1. Being basic (Lys, Arg), within 21 Å of PRO172 (Cβ to Cβ) and in contact (Cβ under 8 Å) with a residue 24 or more places away in the chain is the requirement here; does ARG234 meet it?
2. What number of residues in region 39-65 are at pLDDT 95 or above and surrounded by fewer than 18 Cβ atoms within 10 Å (Cβ to Cβ)?
3. In this structure, is ASP52 in contact with an Asp or Glu (Cβ under 8 Å, 6 or more places away or on another chain), touching a residue at least 24 places away in the same chain (Cβ under 8 Å) and not small (Gly, Ala, Ser)?
4. Looking only at region 150-181, which residues are under 19 Å from the mean Cα position of the chain (by Cα), within 18 Å of ASN204 (Cα to Cα) and aliphatic (A, V, I, L, M)?
5. Please give the helices (runs of 4 or more DSSP H) falling wholly within region 192-285 in which 3 or more residues are at positive phi and surrounded by 19 or more Cβ atoms within 10 Å (Cβ to Cβ).
6. Of the conditions (1) in a helix (DSSP H, G or I); (2) without any contact (Cβ under 8 Å) to a residue 12 or more places away in the chain; (3) not polar (S, T, N, Q), ALA36 fails just one. Which one is it?
7. Can you pull out the residues in region 1-28 that are without any contact (Cβ under 8 Å) to a residue 60 or more places away in the chain and either under 19 Å from the mean Cα position of the chain (by Cα) or within 22 Å of ASP214 (Cβ to Cβ) (or both)?
Amino acid sequence: MYTLLITAPQLQTLQQQGTPCAVFDCSFDLMKPELAGGFFTAERIAGARPADLDKDLSTHEAGLAVNGGRHPLPQREAVARWLGSLGVHNGMQIVVYDRNKSQYCGRLWWMLKWLGHEAVAVLDGGLQAWKEAGGATDSGPFTRPAPALFELKAPLRQLVHTDTVAAHLGQPAQTVVDARAAARYRGDVEPLDPVAGHIPGALNRPFGENFTEDGRFKSPEQLKAEWTDVLAGRPASSVVHHCGSGVTAVPNLLAMELAGFGPTALYAGSWSEWCRTPGLPCAKG
């Protein structure tokens, strides 16, 4: 069972052994979301299933979202039905990837943990690493497999909401970590949300700092050293991760687990929900 990362050769071995696997292509472009389907149709790992950030991993239907923000989480039951409709069942090893240096696929990794599925891993290096390892690809329309039953289990990762973050603001028991780029954290620019800045007291760790130049995660040793510096003595168990809309915060969460700190919490509404909630403080600098 792979629960955090899996390499391209390791996935190839599983496939050769006939291990039941479901591979998801989560490639996306935040500024051009309409391109997601084109990425999948043009080239993907052979046998991969599509997972669109806007259409599959978020919901914009009133009353069906778990939280607010730009990419609201669907209810757990809805995600389970979607997985089942794609032939995914609880006995599968699930692998998620993108072609964006794992910027988006972590969302589905976290959602599956939230549904109680332990056997899910991010393909380290994404589609590029798969092709470098000689992995098979295909293209064209998606043929939907026969449906299956995906059953919900107890959540394996913690989801926190705006009221919880606000209630513990400034308290030692909560360390908020913002995964956005430094300029957005400072409030110098804000291309996506109506207010620039950050949650008061939040630390800044841009998610891209967890990766090497080729899009693979840094070594556990290097991640541990870097995250130890970020936390500066604060307990890892107090960390709540967020970003703009709860997507790119997940690489930070993953990196902490790879470094040996254990699971930490996700504030999925993130800055896009926080800055739209009346009465909540916003900081700059």
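1. In short, yes.
2. Residues that pass the stated criteria total 7.
3. Working: in contact with an Asp or Glu (Cβ under 8 Å, 6 or more places away or on another chain): no; touching a residue at least 24 places away in the same chain (Cβ under 8 Å): yes; not small (Gly, Ala, Ser): yes.
Considered against the rule, which asks whether it is in contact with an Asp or Glu (Cβ under 8 Å, 6 or more places away or on another chain), touching a residue at least 24 places away in the same chain (Cβ under 8 Å) and not small (Gly, Ala, Ser), ASP52 comes out as no.
4. VAL176, VAL177, ALA179, ALA181
5. Working: elements: 220-231, 250-258, 270-274.
It comes to none.
6. (2)
7. Within region 1-28, GLN10, THR13 qualify.
The values are calculated or read from the model by the stated rules, or taken from the named source; none is laboratory data. These figures come from a predicted structure and were not determined experimentally. Neighbour counts are summed over all protein chains in view; Cβ atoms, including those assigned to glycine, are modelled from backbone coordinates with ideal geometry.
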